[in-house]
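The values are calculated or read from the model by the stated rules, or taken from the named source; none is laboratory data. Just so we're clear, the structure is a prediction, and the values are computed from it rather than from any experiment. With ideal geometry, Cβ positions are generated from the backbone for all residues, glycine too; neighbour counts draw on all protein chains shown.
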């Protein structure tokens with residue numbers, strides 16, 4: 001039986017001296033919890049979001065508003081141009097520096113984000129990589145061109161359903177890499193990570209997740225998508241495409257991909273909001289898979 005949830009006001013640096021890390025599914029209220037903790041304990045937020053790190057990807061990434069940034073300073077947001085990728089290892093090094101800087105100024109660092117590979121890279125380190133095989137990568141590229149990326153993802157589902165559940169079918173690079181690991185190492189990538197990764201704790205830490213019932217989370221997702229569309233999400237994506245950022249990694253993220261498809265005539269306007277909600281719910285299921293085996297403290301957060 002899981003431990004009962006605690007109130008957010010019970011999180012106290014004297015009782016919990018470890019690094020505070022707020023994780024959880026999209027739209028669950030991570031940012032609000034992190035901001036409240038910062039307001040209460042003189043803290044600053046270190047973002048762990050692989051889309052917010054890019055400039056100009058604002059609405060659909062849930063990037064903090066000016067009012068939210070006024071409530072709590074944020075780090076590792078708007079770092080890179082959209083066509084300059086940032087990987088988990090580089091993120092961990094940047095987060096290390098931000099955490100050290102915050103602590104040196106006598107403040108409380110609060111890591112917050114839904115990119116769980118980045119969180120793991122920060123607190124546990126990265127897995128030793130299986131050897132690369134350029135020939136296999138080329139085979140995967142040709143298959144994706146010939147039959148579509150979904151066909152490549154289906155191959156992964158057959159040999160490593162755990163990894164497949166965590167990866168978007170359109171994420172060619174990561175799907176290809178997972179298949180490559182299986183072919184080279186003879187075991188699923190998920191098992192390779194279990195055997196090689198995260199054995200040494202880089203930061204003593206405590207993971208917090210806002211407690212949400214599934215139906216409540218569904219309502220929050222739908223409300224947020226509707227709000228972002230009303231605030232001009234389509235115009236934001238149109239501008240990004242016009243500036244040459246239509247094929248960047250961030251544009252392949254949930255929501256941005258669907259808005260782009262709408263602008264390209266592949267999704268009717270009447271179906272756009274529901275399509276984004278549907279894809280977000282699928283993404284949330286993958287996030288829950290990531291979180292399943294972690295030791296999490298559930299937090300009650302009223303009016304978030």
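Per-structure values
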{"item": "Matching residues in the range 72-89 - criterion: being surrounded by 16 or more Cβ atoms within 10 Å (Cβ to Cβ), over 14 Å from the mean Cα position of the chain (by Cα) and within 24 Å of residue 16 (Cβ to Cβ)", "result": "72, 74, 75"}
{"item": "Number of positions in the range 55-70 that are at negative phi and either in contact with a helix residue (DSSP H, G or I) (Cβ under 9 Å, 6 or more places away or on another chain) or in a helix (DSSP H, G or I) (or both)", "result": "11"}
{"item": "Restricting the range 1-30 to residues that are part of a helix (DSSP H, G or I) and in contact (Cβ under 8 Å) with a residue 40 or more places away in the chain, the residue that is surrounded by the most Cβ atoms within 10 Å (Cβ to Cβ)", "result": "30"}
{"item": "Test: residue in the range 90-105 that is under 17 Å from residue 252 (Cα atoms), at pLDDT 95 or above and surrounded by fewer than 16 Cβ atoms within 10 Å (Cβ to Cβ)", "result": "no"}
{"item": "Selection from the range 276-304 of residues that are in contact with a strand residue (DSSP E or B) (Cβ under 9 Å, 6 or more places away or on another chain), closer than 24 Å to residue 228 by Cα and in contact (Cβ under 8 Å) with a residue 24 or more places away in the chain", "result": "287, 301, 304"}
{"item": "Any hit, the range 201-217, residues being assigned to a helix (DSSP H, G or I) and over 30 Å from residue 36 (Cα atoms)", "result": "no"}
{"item": "Lone unmet requirement of (1) surrounded by 21 or more Cβ atoms within 10 Å (Cβ to Cβ); (2) assigned to a helix (DSSP H, G or I); (3) under 16 Å from the mean Cα position of the chain (by Cα) for residue 33", "result": "(3)"}
{"item": "Answer from 273, 250, 222, 261 - the residue that is within 25 Å of residue 54 (Cα to Cα), modelled with pLDDT of 95 or more and in contact with a strand residue (DSSP E or B) (Cβ under 8 Å, 6 or more places away or on another chain)", "result": "250"}
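Yes or no, residue by residue, for (1) in the same structural domain as residue 249 (by TED's automatic domain parsing); (2) at pLDDT below 90; (3) more than 22 Å from residue 288 (Cβ to Cβ); (4) within 19 Å of the chain's Cα centre (by Cα):
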site	(1), (2), (3), (4)
138	no, no, yes, no
141	no, no, yes, no
145	no, no, yes, no
148	no, no, yes, no
151	no, no, yes, no
154	no, no, no, no
157	no, no, no, no
165	no, yes, no, yes
176	no, no, yes, no
